[in-house]
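The values are calculated or read from the model by the stated rules, or taken from the named source; none is laboratory data. Worth saying up front: this structure is predicted, and the values here are computed from it rather than measured. All Cβ positions, even for glycine, are placed from backbone atoms using ideal geometry, and neighbour counts span all protein chains on display. Side chains included, ligands, DNA and RNA excluded: accessible areas come from the protein's heavy atoms. Shrake-Rupley method; radii C 1.70, N 1.55, O 1.52, S 1.80 Å.
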Amino acid sequence: MEFNHVPVLLDECIEGLSIRPGGIYADGTLGGGGHASAVCERLSEEGTLIGIDRDSDALEAAQKRLAKYPCRKIFVKSNYSDIKGILEDNGINAIDGALLDLGVSSFQLDNPERGFSYMNDAPLDMRMNRDDALTAKDVVNGYSKADLTRIISTYGEERWASRIASFIEEARKEKPVETTGELTDIIKAAVPASARRTGPHPAKRTFQAIRIEVNEELERLEKALEDFCDVLATGGRLCVISFHSLEDRIVKDVMARRADPCTCPPGIPVCVCGKVADIRKITRKPVIPSDEEQEGNPRARSAKLRICEKI
C-alpha cells in the first residue's frame with residue numbers, strides 16, 4: 001500500500017507554528033509526511049526538519065516525499081517521548097517549533113495486515129512499531145478479565161467494558177482470539193442490541209483502548225508534552241492534535257499547568273511558591289476542523305488542536 005495520511009487541521013497548524021525559514025522544527029508523529037511537507041515548504045536551506053516516527057514504513061515514505069525540499073532533514077525511528085535524547089544525539093539544544101498529531105495514520109488504519117481496524121479481518125496486531133514485543137493478540141488473550149475491563153473502561157470509555165471482557169474471557173477458553181474479525185464479533189455479541197442501534201461502531205471504543213495499551217500512548221504523552229515544552233526556544237510553539245477526550249485532557253492539563261504553575265493557596269495576595277510560567281497558551285479553546293474539512297475527511301471530525309508558546 002502507498003503510505004497516505006490526509007493531514008488534519010493543516011492550515012491551522014502551519015499558522016500556529018509561525019514558521020521561521022531558518023528555524024528548527026520537529027514533527028514528532030511524521031507519518032507519511034503530510035504536515036511535514038507543509039513545514040518544509042516554508043523552510044530555507046538553513047532550516048531543519050526533524051521527523052520522528054515509530055513506524056519504519058512511515059519513515060521510508062516520508063523520506064521520499066520530502067526529498068525535494070532543500071532544507072536539512074533528520075529522520076529518526078523513535079517515539080516522540082524521546083525528544084530530549086534525539087536532540088542531544090544530533091547536537092541540537094532547542095527547537096523553534098514542534099507538531100504532534102496523535103491520531104493513527106490512514107495507512108495504518110487501512111492496511112489490513114496492521115490489525116488496527118474493525119472494518120477488516122486481519123491478525124490482531126495494532127503495533128505502531130512492529131519491532132515492539134506486545135501485540136493486540138497478547139493483550140486480548142493474555143490479560144486477565146479485570147485488566148481487560150480496566151483498559152476498555154479507562155482507555156475506551158466504554159460503558160459495556162465488563163461485559164465485553166467477560167465475553168472475551170469466555171471466547172478464548174475455546175480458542176485464542178487471533179483476528180480483528182473474531183474480536184469484532186465478540187464485541188458485537190457483548191454489546192446489547194439496543195446500544196448498537198445508535199452511536200459509533202460497537203467495536204470502536206474497545207479497539208481504541210487496546211491500541212492505546214499496546215502502544216503505551218497515554219503513558220508516554222504527558223512526559224512527551226513536558227519535554228517538548230522544555231526544549232522549545234523562546235518564542236517557539238508546540239501544536240498538538242488530539243482525537244479523543246483522554247488525550248485532549250492530558251494536553252489541556254499540561255499546557256494549563258505550565259502556563260500557570262503557581263501552587264500558592266487561593267487568596268494569598270503575593271505568590272510565595274516561586275513557580276513562574278514558561279509558556280503561554282495561544283489557543284484558549286481547542287481549534288476544531290471546519291465543516292468543510294470534516295465533510296471531506298470524516299476522520300478529522302473528532303480532532304482538536306491546542307497551541308502554546310515558550311516565553
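Please identify every one of the GluC sites (Glu not before Pro) in segment 23-112 that sits in a loop by DSSP and has no more than 11 other beta carbons within 10 Å of its own beta carbon.
Passing both the DSSP loop test and the Cβ count: Glu45.
Below 15 Å, Cα to Cα, which aspartates and glutamates can Lys204 reach? Residues fewer than 8 away in the same chain don't count.
Those aspartates and glutamates meeting the cut-off are Asp110, Asp121, Glu157, Glu158, Glu182, Asp185, Glu213.
With θ set to phi - 60° and the Karplus curve 6.51 cos²θ - 1.76 cosθ + 1.60, what are the ³J(HN,Hα) couplings of segment 34-39 in order, to the nearest whole Hz, using x for Gly and Pro?
x, 5, 4, 4, 5, 5
Could you look at the chain and say what percent of its accessible area is carbon and sulfur, using a 1.4 Å probe and all protein chains? Kindly include the intermediate steps, with their values, before the conclusion.
Working: 6910 of 14560 Å².
After summing per-atom areas, the C and S share lands at 47 percent.
What are the lysines whose alpha-carbon lies under 17 Å from the alpha-carbon of Lys275, with same-chain residues fewer than 8 places away excluded?
Answer for Lys275, where 17 Å is the Cα cut-off: Lys310, listed by chain and number.
Which value, in debye to the nearest 20, gives the size of the charge dipole of the chain about its Cα centre, when Lys and Arg are +1 and Asp and Glu are -1 at the Cβ?
820 debye
State, as an integer percentage, the relative contact order of segment 1-140 based on alpha-carbon contacts under 8 Å between residues 6 or more apart.
24 percent
Within segment 60-121, which trypsin sites (Lys or Arg not before Pro) sit in a loop by DSSP and count at most 10 neighbouring Cβ atoms inside 10 Å?
In loop regions of segment 60-121 (DSSP not H, G, I, E or B), the sparsely surrounded trypsin sites (Lys or Arg not before Pro) are Lys68.
So what is the calculated 222 nm ellipticity per residue for the chain, using -39500 (n - 2.57) for each DSSP H run with n of 4 or more, over all residues, to the nearest 500 deg cm²/dmol? Before the final figure, lay out each step's value.
Values: 14 runs with 135 residues, N = 311.
About -12500 deg cm²/dmol.
Give the accessible surface of the chain per residue, rounded to a whole number of Å², with probe radius 1.4 Å and ligands, DNA and RNA excluded.
Ligands and nucleic acids excluded, the figure is 47 Å² per residue.
What do you get for the angle between helix 245-259 and the principal long axis of the chain? Use alpha-carbon atoms, 0 to 90 degrees, nearest ten.
Helix 245-259 and the main axis of the chain meet at about 20 degrees.
What nm distance separates the two modelled labels at Lys223 and Glu60, each placed 7 Å from Cα along Cα→Cβ?
With each label point 7 Å from Cα toward Cβ, the separation is 2.9 nm.
For the chain, modelled as a GNM with alpha-carbon contacts under 10 angstrom, which of Arg257, Arg205, Arg237 fluctuates the most?
Among Arg257, Arg205, Arg237, the largest mean-square fluctuation in the Gaussian network model of the chain belongs to Arg257.
List the relative contact order of segment 176-311 as a percent without decimals, with contacts defined as Cα pairs under 8 Å and 6+ residues apart.
25 percent
Find the centroid of the Cα atoms in segment 49-125 and in segment 155-227, then give the distance between the two in whole Å.
Segment 49-125 and segment 155-227 have Cα centres spaced 25 Å from each other.
Running a GNM on the chain with Cα contacts under 10 Å, which residue among Arg127, Arg299, Arg54 ends up with the highest mean-square fluctuation?
Taking springs between Cα atoms under 10 Å, the residue moving most is Arg299.
Within the set Lys223/Lys252; Lys223/Lys304; Lys64/Lys304, which residue pairs have Cα atoms separated by over 18 Å?
Going by Cα-Cα distance, Lys223/Lys304; Lys64/Lys304 fall outside the 18 Å limit.
Name the residue, out of Ile92, Ile151, Ile24, whose mean-square fluctuation peaks in a Gaussian network model built on the chain with Cα pairs under 10 Å.
In this elastic network of the chain, the residue with the biggest mean-square fluctuation among Ile92, Ile151, Ile24 is Ile92.
Out of Gly103, Ala161, Val76, whose Cα points farthest toward the positive end of the dipole of the chain (charges: +1 Lys, Arg; -1 Asp, Glu; placed on Cβ)?
My answer, from the dipole projection, is Ala161.
Over the chain, what relative contact order in percent results from Cα pairs under 8 Å that are six or more residues apart? Walk me through the numbers before you get to the answer.
Working: 561 pairs, mean separation 54.5, N = 311.
It rounds to 18 percent for the chain.
With unit charges on the beta carbons (Lys and Arg positive, Asp and Glu negative) and the dipole taken about the Cα centre of segment 35-83, which residue among Gly51, Ala67, His35 sits farthest to the positive side?
Ala67
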